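Visitor: Pasting a structure here, questions to come.
Bear in mind that the values in this text are calculations on the coordinates, not laboratory data. Everything numeric in this text was worked out from a predicted model, so none of it was measured. Neighbour counts are summed over all protein chains in view; Cβ atoms, including those assigned to glycine, are modelled from backbone coordinates with ideal geometry.
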């Protein structure tokens, strides 16, 4: 466990990004409660589809203007009765400097990247994006510093076109993590991406509104006498 206290960073009603196991997909969620080194969050359908179980490894991420905080742990309790939620016991924390100029949004959107020197397109999944760049995963090996044309397919079927440069590359077991800086994007595509990010922000706000207006009054968390099953 790092020196950062979970409860000093994460607060009730806060929007966080979450990841189950070693997967690439991040899902926005809301903090129901924080006690010591445990975080209570909503039980999403995405977790069920990906076979979450007590003992599953789990990551919670929160980003502010200056830092990115990553909390890693295991699922210690799953409650399916309304309001359905999970408890994450955090055993590792990390504080990173947030170097992004623009706010980033964790998303899962398909994309195609084409190096400028070839006509071959390569499939990728965008894992987060902002007006200045994006992170993505792919099984194709792009070169560090390589410039690519990018098509990001948004959830409303529109497509953002841009040109970017690879600025980070980290090999994983079955894919490669990348970060890309946008170096060219016209006004129409910039406006299209900005509008999409506003919709993501509105969706996050609706999560908070629903929690405080509907869920909070019903949520009590596990009884103090109840032992978590791992």
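Visitor: What whole number of Å gives the distance from the Cα centroid of the stretch 1-32 to the Cα centroid of the stretch 78-138?
Guide: Here the two parts' Cα centres lie 14 Å apart.
Visitor: How would you rank 14, 180, going from fewest to most other Cβ atoms within 10 Å of each one's own Cβ?
Guide: Ordered by Cβ neighbours within 10 Å, fewest first: 14, 180.
Visitor: Ok, one more. Return 205, 17, 7, 157 ranked ascending by Cβ neighbour count within 10 Å, so the fewest neighbours appear first. Numbers along the way, then the final one.
Guide: On the way: 205 11, 17 21, 7 14, 157 6.
Ordered from fewest to most neighbouring Cβ atoms within 10 Å, 205, 17, 7, 157 come out as 157, 205, 7, 17.
Visitor: Just want the ordering: 36, 119, 106, from fewest to most Cβ atoms lying within 10 Å of their own Cβ.
Guide: Working: 36 10, 119 6, 106 20.
Ordered by Cβ neighbours within 10 Å, fewest first: 119, 36, 106.
Visitor: Expressed as an acute angle from 0 to 90° and rounded to the nearest 10, what is the orientation of the C-alpha long axis of helix 187-210 relative to the principal long axis of the chain?
Guide: Roughly 0 degrees between the two axes.
Visitor: Could you work out the helix-only [θ] at 222 nm for the chain, with each DSSP H run of four or more residues adding -39,500 (n - 2.57) and the total divided by the number of residues, to the nearest 500 deg cm²/dmol? Please list the in-between numbers first.
Guide: Values: 3 runs with 33 residues, N = 230.
Dividing the helical sum by the residues of the chain leaves -4500 deg cm²/dmol.
Visitor: Sticking with this one: In nm, what is the difference between 0.36 nm times the number of residues separating residue 201 and residue 174 and their Cα-Cα distance?
Guide: Numbers: separation 27, 0.36 × 27 = 9.72 nm, distance 3.12 nm.
Here the segment from residue 201 to residue 174 would lengthen by 6.6 nm.
Visitor: Another question, if that's okay. Under 1.5 on a/c is rounded, so check that first for the stretch 96-161, then, if it is not, pick prolate when a/b is larger than b/c and oblate when it is not; a ≥ b ≥ c are the square roots of the alpha carbon gyration tensor eigenvalues. Provide the component values of the computation, followed by the final result.
Guide: On the way: a/c = 1.89, a/b = 1.26, b/c = 1.50.
Oblate, because a/c is 1.5 or more while a/b does not exceed b/c.
Visitor: What is the stretch 1-120 by shape, rounded, prolate or oblate, if you read a ≥ b ≥ c off the alpha carbon gyration tensor as root eigenvalues and call it rounded for a/c under 1.5, prolate for a/b larger than b/c, and oblate otherwise?
Guide: Working: a/c = 2.15, a/b = 1.40, b/c = 1.54.
Because a/c hits 1.5 or more and a/b fails to exceed b/c, the stretch 1-120 counts as oblate.
Visitor: What is the percent of Cα-Cα separations in the stretch 1-68 that go past 15 Å?
Guide: Of all Cα-Cα pairs in the stretch 1-68, 54 percent lie more than 15 Å apart.
Visitor: Sticking with this one: Given (i) 12.8; (ii) 13.5; (iii) 23.8 as candidate values of mean projected area of the Cα convex hull in nm², which corresponds to the one derived from the coordinates?
Guide: Of the labelled values, this structure produces (ii).
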